[in-house]
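Quick notes on the structure that follows.
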Amino acid sequence: MGRKLSEQELHNLAMNIVGRELEADGFEFMAINSKLKKNPQYVCLKEKHLHFIVVRNVAYPDNPKQYDKQLMQKVKDHALKFEAKTYFAGVGLSNASDQNEPVYLNEEYIVDYQGLIEI
């Protein structure tokens with residue numbers, strides 16, 4: 001069995017999943033912040049509008065659609081100063097062979113990502 005992924009590695013994995021989708025959807029990256037607890041993770045431009053996107057790795061069995069309302073309100077208040085839209089991107093990551101086990105390096109995992117949630 002490989003080693004368990006760290007919080008930062010899980011966060012980076014979640015960011016890569018969201019980043020690939022944003023790119024495919026035509027978002028242009030203005031700023032990317034992959035440090036834990038630094039928000040937003042992505043500041044993007046699409047159709048001349050600014051978007052602030054908060055990415056979170058959500059451990060099984062928590063719901064990746066649920067977010068910290070207080071945090072998201074704070075990000076939204078900041079985004080409004082820039083006339084930006086605010087989104088939450090929760091990415092559920094779990095071990096493919098046993099969802100109650102942690103995600104290990106170089107082992108299969110399940111992704112539960114249902115897209116951006118506008119705040």
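The values are calculated or read from the model by the stated rules, or taken from the named source; none is laboratory data. None of these values were measured; they are calculated from a predicted model. Note that we place each Cβ from the backbone using ideal geometry, even for glycine, and neighbour counts take in every protein chain shown.
General remarks:
- Candidates Tyr113, Tyr67, Tyr104, Tyr60, filtered to the one that is touching a residue at least 40 places away in the same chain (Cβ under 8 Å) and touching a Ser or Thr at 6+ places or on another chain (Cβ under 8 Å): Tyr60
- Count - residues of region 99-119 that are closer than 18 Å to Val55 by Cα and charged (D, E, K, R): 2
- Filter result for Lys81 (charged (D, E, K, R), surrounded by 11 or more Cβ atoms within 10 Å (Cβ to Cβ) and farther than 22 Å from Asn12 by Cβ): no
- Selection status of Tyr67, surrounded by 14 or more Cβ atoms within 10 Å (Cβ to Cβ), farther than 17 Å from Gln8 by Cα and aromatic (Phe, Trp, Tyr): yes
- In region 45-100, of all residues being hydroxyl-bearing (Ser, Thr, Tyr) and touching a strand residue (DSSP E or B) at 6+ places or on another chain (Cβ under 8 Å), the one that is farthest from Tyr113 (Cα to Cα) corresponds to Thr86.
- Strands (runs of 3 or more DSSP E) wholly inside region 8-76 containing at least 1 residues that are farther than 13 Å from Val91 by Cα, basic (Lys, Arg) and modelled with pLDDT of 95 or more: 42-46
- Residue check, Tyr42 over 29 Å from Arg3 (Cα atoms), hydroxyl-bearing (Ser, Thr, Tyr) and surrounded by 13 or more Cβ atoms within 10 Å (Cβ to Cβ): no
- Scanning region 85-97 finds no residues that are among the charged types (D, E, K, R), surrounded by fewer than 19 Cβ atoms within 10 Å (Cβ to Cβ), at pLDDT 95 or above and assigned to a helix (DSSP H, G or I).
- Members of region 18-44 that are more than 20 Å from Lys85 (Cα to Cα) and of a type in the set (A, V, I, L, M): Leu36
- Criterion violated by Ser6 - all others in (1) without any contact (Cβ under 8 Å) to a residue 60 or more places away in the chain; (2) in contact with a Phe, Trp or Tyr (Cβ under 7 Å, 6 or more places away or on another chain) satisfied: (2)
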